Amino acid sequence: MRDSFFSVRTDQNNTNWNQCIKRDNSLYDRGNSIRSEFERDYTRLLHSLAYRRLKHKTQVFYAPQNDHICTRMEHVSHVASVSTTIAKYLGLNTELTEAIAIGHDIGHAPFGHTGEDILNSLVSFQPEGKNAPKKFWHERNSLFFADFIETLEDPEGIERNLDLTYAVRDGLICHCGEIDQQGLKPREKAINLYDIKRPGITAPYTWEGCIVKVSDKIAFLGRDIEDARTYHILDMASYRQLREIVASTLGLGRKTETKRSGRAINTTVLINDMIVNLCEQSSPEKGICFSNEYFKFIKELKKFSFANIYNNWRLIEFQNYAKEILGCIYRMLMNSHIYAKNRRLDQYLKYNPKLSKSFVDWVIKYTNYDESRKKILKYETKEVFDINDEESWEKCVIEYISGMTDQYAISVFEEIISF
């Protein structure tokens, strides 16, 4: 029902309002109140370098040469569109919703979820046990990048961290759309967000964060199928299977006597129908949910996508290539640790100018490598990594690699192995 969530939206009438707009520091004061707190967060994320790089990061298909294949940035735009449409209809805060959506994937590694898995496997300081939490997961990395890595220049030209509100930061780390949930509701208490150890297990603090979490799933399901068809990943047999799934659940894609007769299986149709169903079924009492039929359909669609798209042999072959790329860069930079401790990184990387320019600047900005150069460059960033500590150095290397685009990682790899 329209505006059915208005009484629980995140605004000045919400009892959690002061916590939601809380910031640790202040990036700078513009001296005006034209924009709301969440609008400021939206523009800070929009202008961040991590957001800009999303246009060259994988969604599903790696380093695409086809301009019409979805990249991570386009996926983020889809999530923003879906989530703000839902939030507006339900009466929730669209400014908060859009800010979370635009920044939710800034911590994604190159090569999509494959890159995420590769980086996690490379970390040597892994906790023991089969069910131990991952060291690297992109939802937490989005929060980490927002808090410690991304900077903007203040009016004096000094680089400072973004200092986002609690509600937006919470939405970044709690956005995991991989978990199938019905009746999603926000948690009641504010927590230290770095106490969250696993993706998908902690509900967002706001209803708006819940909307982005569900919208993440809505956005990728339809678009991934469209791209798979473009790349001829789906053969006729699998496409017939898809039509049967859609037809048996929703009555789409085949001639019936219902009003849905003859509708096509495409991104806009699937997204529209999932949005409408969610808006019709959700309420503050039931939580954010789909009808039983649509929830079953979404699970079947995910199952189909894993069987016919994500585990396709062509993607698996590229995954092996991605392991070689990221593994090579990781080993190269880990071997540079002794040179970093001796302040001779430039010398070690002199035959890799592309990598040297970027990585040395990263080390200056975020470590205790060279305080004088850091001051000259006007970096007022926190000391995130300690070059004298082996585990901290590895974290520095992993985070640097996570910020790479697909194309940049490939070009650096080729530079390293060229003679």
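Each reported figure results from applying straightforward, stated rules to the coordinates on display, with no laboratory input. None of these values were measured; they are calculated from a predicted model. Neighbour counts run over all protein chains shown; Cβ positions are idealised from the backbone, glycine included.
Here are a few things to note about the model shown:
- Prolate/oblate/rounded label for segment 42-181 (Cα gyration tensor, a/c 1.5): rounded
- Working from Cα pairs under 8 Å separated by at least six residues, relative contact order for the chain is 19 percent.
- For segment 256-361, a/c is not less than 1.5, where a ≥ b ≥ c are the root eigenvalues of the C-alpha gyration tensor, and a/b tops b/c. That puts it in the prolate class.
- Cα shape, segment 19-92, gyration tensor, a/c 1.5 rule: oblate
- Using 0.36 nm per residue and subtracting the Cα-Cα separation, the extra length available between Ala237 and Asn292 on full extension is 17.1 nm.
- Entries in Lys135/Lys350; Lys302/Lys323; Lys197/Lys302 that, when Cα-Cα distance is taken, lie over 27 Å: Lys135/Lys350
- Residue-wise HN-Hα coupling along segment 347-353, computed from phi with Karplus coefficients 6.51, -1.76, 1.60 (Hz; x: Gly, Pro): 5, 5, 9, 5, 8, 10, x
- For the chain, the antiparallel share of DSSP beta bridges with both residues in that region comes to about 75%.
- For segment 64-151, chymotrypsin sites (Phe, Trp or Tyr not before Pro) meeting the loop criterion (DSSP other than H, G, I, E, B) and having at most 13 other Cβ atoms within 10 Å: Phe125.
- Each label was represented as a point 7 Å from its Cα along the Cα-to-Cβ direction; for Glu324 and Asn368 these points are 4.0 nm apart.
- For the pair Arg187 and Gln347, the difference between a 0.36 nm per residue extended length and the Cα-Cα distance amounts to 52.5 nm.
- Gained length - Arg198 relative to Tyr339, 0.36 nm times residue gap less alpha-carbon distance: 47.3 nm
- Listed peptides 50-59, 335-344, 295-304 by packing density, highest first (mean Cβ within 10 Å): 50-59, 295-304, 335-344
- Mean Cβ count within 10 Å, highest first, over the residues of peptides 412-419, 77-84: 77-84, 412-419
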